[in-house]
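I have placed the structure first, in the form of structure tokens, so that the comments after it can refer back to it.
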Amino acid sequence: MTLLVVTGCNNCTGSVCGNQNTGNAVKDQTADSGATPRQKIAPRPAPVTPSADDQPPTKAEYIKAADAICQKWTRQAEKHTTSDAELSWELFTTLIRLATNMADEWHAMTPPVGDTGQADVFIEKQYADVARLTRMRDLWASGDTDGAQVELEQATSEEAIAERRASARAYGFRVCD
């Protein structure tokens, strides 16, 4: 059974940046061992008195860097996608690893002053995508392809995509949802 696994990106095709149906399915690839998704992100350590070089980024700098991270990991995911390929445990595991790496890299960034809570909401959504991919993989692997399809349809519903995109655009993101 071919499932369309997408976690979307606005200005790129592929799968790891949010939840957008791009029309790409996935192909079988060998992957590293599965990643354990985080449900809640760890709090950032309290800042030490920053030097002039350690100032938090401006909102525009943060958005630009986060969008670049999203696009980078989406391009990595595109290496594992085709328009009509079958799913596999290995492929799901690869997508989970890539989505986790993207979320971890984003989480490591210092958000703009006053925007930590807002930034964390978007990062938590990325970790939720990892959890959703993990559920889809586990359902698929157990033979519950219908359950995996339902999970996929919920993730890629027009309402879910529109809601996520609206909040990302309201913050200023142009690539990641």
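The values are calculated or read from the model by the stated rules, or taken from the named source; none is laboratory data. Because the structure is predicted, anything quoted here is derived from the model rather than measured. We place every Cβ from the backbone using ideal geometry, glycine too, and count neighbours over all the protein chains shown. Surface accessibility is based on the protein's heavy atoms, side chains included, excluding ligands, DNA and RNA. Shrake-Rupley method; radii C 1.70, N 1.55, O 1.52, S 1.80 Å.
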Ignoring ligands and nucleic acids, what accessible area does residue 97 show with a 1.4 Å probe (Å², nearest 10)?
-> 60
If R0 = 22 Å, then residue 174 and residue 135, at their Cβ-Cβ distance, give a FRET efficiency to the nearest 0.05 of 0.15
Taking Rh as the Kirkwood radius computed over C-alpha pairs, what is the Stokes-Einstein D of segment 70-177 at 25 °C in a medium of viscosity 0.890 mPa s, expressed in µm² per second?
-> 163
Please list 139, 133 in order of solvent-accessible area, largest first, computed with a 1.4 Å probe with all protein chains present.
-> 139, 133
Please report, in debye to the nearest 20, how large the charge dipole of segment 70-177 is about its Cα centre when each Lys and Arg carries +1 at its beta carbon and each Asp and Glu carries -1 there.
-> 480
